[in-house]
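**Q** Following this message is one structure expressed as structure tokens.
The values are calculated or read from the model by the stated rules, or taken from the named source; none is laboratory data. This is a predicted model, so every value here is computed, not measured. Here the Cβ positions follow ideal geometry from the backbone for every residue, glycine too, while neighbour counts run over all protein chains shown.
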Amino acid sequence: MPKITYVGAGSASFGRAFMSDVLTRPALADGTIVLMDINQDNLDIITTLAKKMVKQLGVPTKIESTTDHRRALDGADYVICTIVVGGRDLYITSHEISRKYGVDQAIGCTTGPSGVFWAVRTIPVMLDICREMEKLCPDAWLLSYQNPTSTVPLGLYTASSIKSIGLCHSVEGTARTLAHYIGAPYEETGHWVAGVNHQAWFLRFERNKKDAYPLLREKMEDPEIYKRDMVRFEMMRYFGYFLTESSYHNSEYVPYFRKNPELIERFAPYTAVEHFAREKVGVEARRAEMQKEAYSEAPLQIGRSNEPCINIINAMETNVPYRFNGNVLNTGLITNLPDSYCVEVPCLADNMGIHPCYVGDLPPQCAAVNRSRSAGDELAVKGALEGDRKAVEQAIALDPLTAAVCTLDQIHDMVEELFVVSAEYLPQFK
């Protein structure tokens, strides 16, 4: 009877799917789910919805909710975390400052000025959760969905004894996209993917156990398909392998696609502010739908979303193995990336825990792209853990896109402005 604690349970993006995935698995449905969020209104919606699901399914799951994270963590077996530190307005302000200096980021949740500041805001808060887990549930697994999903897990591995793994949807999402491009059912395809988060390589992509790359390259020449994924197809053309995450995201991880307005218009013709505006509309619509479902008399549509974190917990509880890609410390898993990196590799979950898989060498060109993309990760972690302003500045200076458009003096000035607007969320720098 596992106790699963969900920190950030009021999420409109994750909450409903997590609940339905837990409650429809017999090995998990006889346990306790503790829902925790600092926003009482959002917490009330997901709690009401969860209890309605329990009643409709007729399962014995105990639902608890609290705004106190210590109460939520006490005695947990698994902790799922989807918190975001700082609000949407801060992200938009950060992007506006970056654009003033010529760094026009796509989303900025992973690299560059916004990504580094996202990390230094998030790592201390996640470590506070880990410190409480060390006292209240020291044997629990922390399954976290925090961006940047290479830097934040690296900070946790560096500074906490809690068993943890960073999770992301980009590998499976890309695999489904590739199946669509070649006109194959997803179930007929297979993949072996490794690299760093949001920039992992499809080292193998197969259909019915046969190499599907020749067909994918053929489909790339179709203008209608090419224009859906121009950045990733160009990266595949030059570096040989397809990448995880969207073309829009990938445009900001390398110096080739966003260093002037003409390139942005060609490869990724919308702004981060537009992205966040669309995201806000989507979040508000999902939350309104959840509220309607929670408080109406109509029965719920309850199915499974195949969320990795719930599949992992189910595998640990049932000993039915589950393979996924996770973000872990590079303990010799990818042999031509530094051991100090957090890498995204295939992992196996069973009743003995999570077992990252050995990959060996990436193709040298792929490893070089990953090293460039991740060059500042250690410095971002150092900045977050030690309150080291210079390390933060150095991390941003090593970002490929930033380095392509800014002088070092401009980077210094930009970072100083970003520290000012983020000060409320950076107590370690005071």
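**Q** Suppose we filter the stretch 37-74 for residues that are out of contact with any helix residue (DSSP H, G or I) (no Cβ under 7 Å at 6 or more places or on another chain) and of a type in the set (Lys, Arg); how many remain?
**A** 4
**Q** Also: Looking at (1) within 30 Å of residue 352 (Cβ to Cβ); (2) over 20 Å from the mean Cα position of the chain (by Cα); (3) outside any loop (DSSP other than H, G, I, E, B), can you tell me which one residue 98 breaks?
**A** (1)
**Q** So which pairs qualify, if the first residue must be in the stretch 163-175 and free of Cβ contacts under 8 Å to residues at least 60 places away in the same chain, the second must be in a helix (DSSP H, G or I) and hydrophobic (A, V, I, L, M, F, W, C), the Cβ gap must be under 8 Å, and the two must be at least 6 apart or on different chains?
**A** 164/130; 164/156
**Q** Can you find, within the stretch 375-389, the residue that is farthest from residue 85 (Cα to Cα) among those that are in contact with a Pro (Cβ under 9 Å, 6 or more places away or on another chain) and not acidic (Asp, Glu)? Let's see the steps before the verdict.
**A** As a first pass, look at the stretch 375-389 and keep what is in contact with a Pro (Cβ under 9 Å, 6 or more places away or on another chain): 375, 377-378, 380, 384-385, 387.
Keeping just the survivors that are not acidic (Asp, Glu) gives 375, 380, 384-385, 387.
Working: 375: 24, 380: 16, 384: 13, 385: 16, 387: 17 Å.
Selected residue: 375.
**Q** Just for helices (runs of 4 or more DSSP H) wholly inside the stretch 314-430: which have at least 3 residues that are free of Cβ contacts under 8 Å to residues at least 40 places away in the same chain?
**A** Values: elements: 364-373, 377-386, 389-397, 400-405, 408-422.
Answer list for the stretch 314-430: 364-373, 389-397, 408-422.
**Q** Looking at the stretch 47-63 only, could you name the residues that are outside any helix (DSSP H, G or I) and under 16 Å from residue 21 (Cβ atoms)? Walk me through how you get there before you give the answer.
**A** Residues of the stretch 47-63 that are outside any helix (DSSP H, G or I), as a first pass: 58-63.
Within the stretch 47-63, 59, 61, 63 meet the criteria.
**Q** Which of the residues that make up the stretch 259-270 are surrounded by fewer than 17 Cβ atoms within 10 Å (Cβ to Cβ) and outside any loop (DSSP other than H, G, I, E, B)?
**A** Those that are surrounded by fewer than 17 Cβ atoms within 10 Å (Cβ to Cβ) and outside any loop (DSSP other than H, G, I, E, B): 261, 262, 263, 265, 266.
**Q** If you check 106, 72, which single one turns out to be out of contact with any Gly (no Cβ under 8 Å at 6 or more places or on another chain), within 22 Å of residue 17 (Cα to Cα) and outside any strand (DSSP E or B)? Show your work before the answer.
**A** Values: 106 fails: within 22 Å of residue 17 (Cα to Cα).
Going through 106, 72 in turn, the sole match is 72.
**Q** Of these, 164, 160, which one is buried (at least 20 other Cβ atoms within 10 Å of the Cβ) and not acidic (Asp, Glu)?
**A** On the way: 160 fails: buried (at least 20 other Cβ atoms within 10 Å of the Cβ).
The conditions single out 164.
Each row is one residue, and each column tells you yes or no for (1) within 15 Å of residue 143 (Cβ to Cβ); (2) in contact with a Ser or Thr (Cβ under 6 Å, 6 or more places away or on another chain); (3) surrounded by 12 or more Cβ atoms within 10 Å (Cβ to Cβ).
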| site | (1), (2), (3) |
| --- | --- |
| 272 | no, no, yes |
| 283 | no, no, yes |
| 299 | no, no, no |
| 317 | yes, no, yes |
| 320 | no, no, yes |
| 324 | yes, no, yes |
| 327 | yes, yes, yes |
| 335 | no, no, yes |
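**Q** Considering only residues that are modelled with pLDDT of 95 or more, under 25 Å from residue 310 (Cβ atoms) and among the β-branched types (Val, Ile, Thr), look in the stretch 77-122 and name the one that is surrounded by the most Cβ atoms within 10 Å (Cβ to Cβ).
**A** If we take residues in the stretch 77-122 being modelled with pLDDT of 95 or more, under 25 Å from residue 310 (Cβ atoms) and among the β-branched types (Val, Ile, Thr), then 79 is surrounded by the most Cβ atoms within 10 Å (Cβ to Cβ).
**Q** Something else: Please find, within the stretch 223-273, the residue that is modelled with the lowest pLDDT out of those that are among the small types (Gly, Ala, Ser) and out of contact with any Gly (no Cβ under 9 Å at 6 or more places or on another chain).
**A** Here is the first cut: in the stretch 223-273, the residues among the small types (Gly, Ala, Ser) are 240, 246-247, 251, 268, 272.
Remaining after also requiring out of contact with any Gly (no Cβ under 9 Å at 6 or more places or on another chain): 240, 247, 251, 268.
Details: 240: 98, 247: 95, 251: 96, 268: 81.
That would be 268.
**Q** If you scan the stretch 177-227, which residues turn out to be surrounded by 13 or more Cβ atoms within 10 Å (Cβ to Cβ), within 30 Å of residue 148 (Cα to Cα) and of a type in the set (D, E, K, R)?
**A** Once the filter is applied, which keeps residues that are surrounded by 13 or more Cβ atoms within 10 Å (Cβ to Cβ), within 30 Å of residue 148 (Cα to Cα) and of a type in the set (D, E, K, R), the stretch 177-227 yields 204, 206.
**Q** Scan the stretch 235-269 residue by residue and report those that are over 26 Å from residue 205 (Cβ atoms), among the basic types (Lys, Arg) and free of Cβ contacts under 8 Å to residues at least 60 places away in the same chain.
**A** Answer for the stretch 235-269, where residues must be over 26 Å from residue 205 (Cβ atoms), among the basic types (Lys, Arg) and free of Cβ contacts under 8 Å to residues at least 60 places away in the same chain: just 266.
**Q** Here is a further query. What is the number of the single condition among (1) under 22 Å from the mean Cα position of the chain (by Cα); (2) in a helix (DSSP H, G or I); (3) surrounded by fewer than 19 Cβ atoms within 10 Å (Cβ to Cβ) that residue 238 does not meet?
**A** So the condition that residue 238 fails would be (1).
**Q** Further, regarding this structure: Does residue 256 count as more than 19 Å from the chain's Cα centre (by Cα), surrounded by fewer than 18 Cβ atoms within 10 Å (Cβ to Cβ) and not in a helix (DSSP H, G or I)?
**A** When the stated conditions are applied, residue 256 passes them.
**Q** If a residue has to be closer than 21 Å to residue 91 by Cβ and of a type in the set (D, E, K, R) to count, how many in the stretch 251-283 make the cut?
**A** 6
**Q** So which of 48, 82 is touching a residue at least 12 places away in the same chain (Cβ under 8 Å), over 30 Å from residue 419 (Cβ atoms) and not aliphatic (A, V, I, L, M)? So that I can check it myself, show each step before the final result.
**A** Working: 82 fails: over 30 Å from residue 419 (Cβ atoms).
The match here is 48.
**Q** Quick one: what pairs do we get from the stretch 55-76, first residue under 21 Å from residue 37 (Cβ atoms) and at pLDDT 95 or above, second aromatic (Phe, Trp, Tyr) and assigned to a strand (DSSP E or B), C-beta under 6 Å, 6+ apart or different chains?
**A** So the pair list comes out empty.
**Q** Filter the stretch 123-147 down to residues that are crowded, with 24+ Cβ neighbours inside 10 Å and either within 25 Å of residue 268 (Cβ to Cβ) or among the basic types (Lys, Arg) (or both), then give me how many there are.
**A** Residues in the stretch 123-147 being crowded, with 24+ Cβ neighbours inside 10 Å and either within 25 Å of residue 268 (Cβ to Cβ) or among the basic types (Lys, Arg) (or both): 1 in total.
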